[in-house]
Amino acid sequence: MNLDNMSIAEIWTLIDTTLNGNPGPIQGMNTTYSLNLSGDDGGSFGLIFKDGKAETLSGEIADADCALTMSVKDFKKLLAGKLNSTGAFMMGKLKVKGNIGLALKLESLLKQYQF
């Protein structure tokens, strides 16, 4: 499956299905993420980890533990494991509000899945 050819709506459905289809890596996580994606097909999205489940939302989570801002293109690279979040942060491609450690944790979590 090529993420480049998928819409963000399709990708969020894929994230939801993939994470909940293999809940092992998300056990014990109790974190909320808000993602603001810029560019074509972008928007605000939420990702909630609670009770061993992942929930994807359309729209921003106002009091998220960690808020990430990046381009749609870079988000697709992150999901594909082709973007280092530390490097992206240093180059200004990724902005983080809240706990930066949670941003790094999200990257390592996503690397355990095949998107």
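The values are calculated or read from the model by the stated rules, or taken from the named source; none is laboratory data. Note that the structure is predicted; figures quoted are calculated from it, not measured. Quick reminder, even Gly has a Cβ in these numbers, built from the backbone with ideal geometry, and neighbours come from all protein chains shown. Keep in mind that these areas ignore ligands, DNA and RNA; they rest on the heavy atoms of the full protein, side chains included. Shrake-Rupley method; radii C 1.70, N 1.55, O 1.52, S 1.80 Å.
Listed values, structure above:
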{"quantity": "Long-range neighbours under 8 Å by Cβ, at least six apart or interchain, first residue over 10 Å from D65 (Cβ atoms) within region 99-111, second surrounded by fewer than 17 Cβ atoms within 10 Å (Cβ to Cβ) and small (G, A, S)", "calculated": "L110/G81; K111/G81"}
{"quantity": "Breaking point among (1) outside any strand (DSSP E or B); (2) open to solvent by 80 Å² or more (accessible area, probe 1.4 Å); (3) touching a strand residue (DSSP E or B) at 6+ places or on another chain (Cβ under 7 Å), for I15", "calculated": "(2)"}
{"quantity": "Enumeration of residues in region 8-38 that are under 16 Å from A80 (Cβ atoms) and either in contact (Cβ under 8 Å) with a residue 24 or more places away in the chain or among the aliphatic types (A, V, I, L, M) (or both)", "calculated": "I8, I11, W12, L14, I15, T18, L19, L35, L37"}
{"quantity": "Within region 30-40, considering residues that are modelled with pLDDT of 95 or more and either more than 13 Å from the chain's Cα centre (by Cα) or outside any strand (DSSP E or B) (or both), the one nearest to A64 (Cα to Cα)", "calculated": "N30"}
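Matching residues to (1) more than 21 Å from N22 (Cβ to Cβ); (2) touching a Pro at 6+ places or on another chain (Cβ under 7 Å); (3) not polar (S, T, N, Q):
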site	(1), (2), (3)
D51	no, no, yes
S58	yes, no, no
A64	yes, no, yes
K77	yes, no, yes
S85	yes, no, no
M90	yes, no, yes
K93	yes, no, yes
N99	yes, no, no
S108	no, no, no
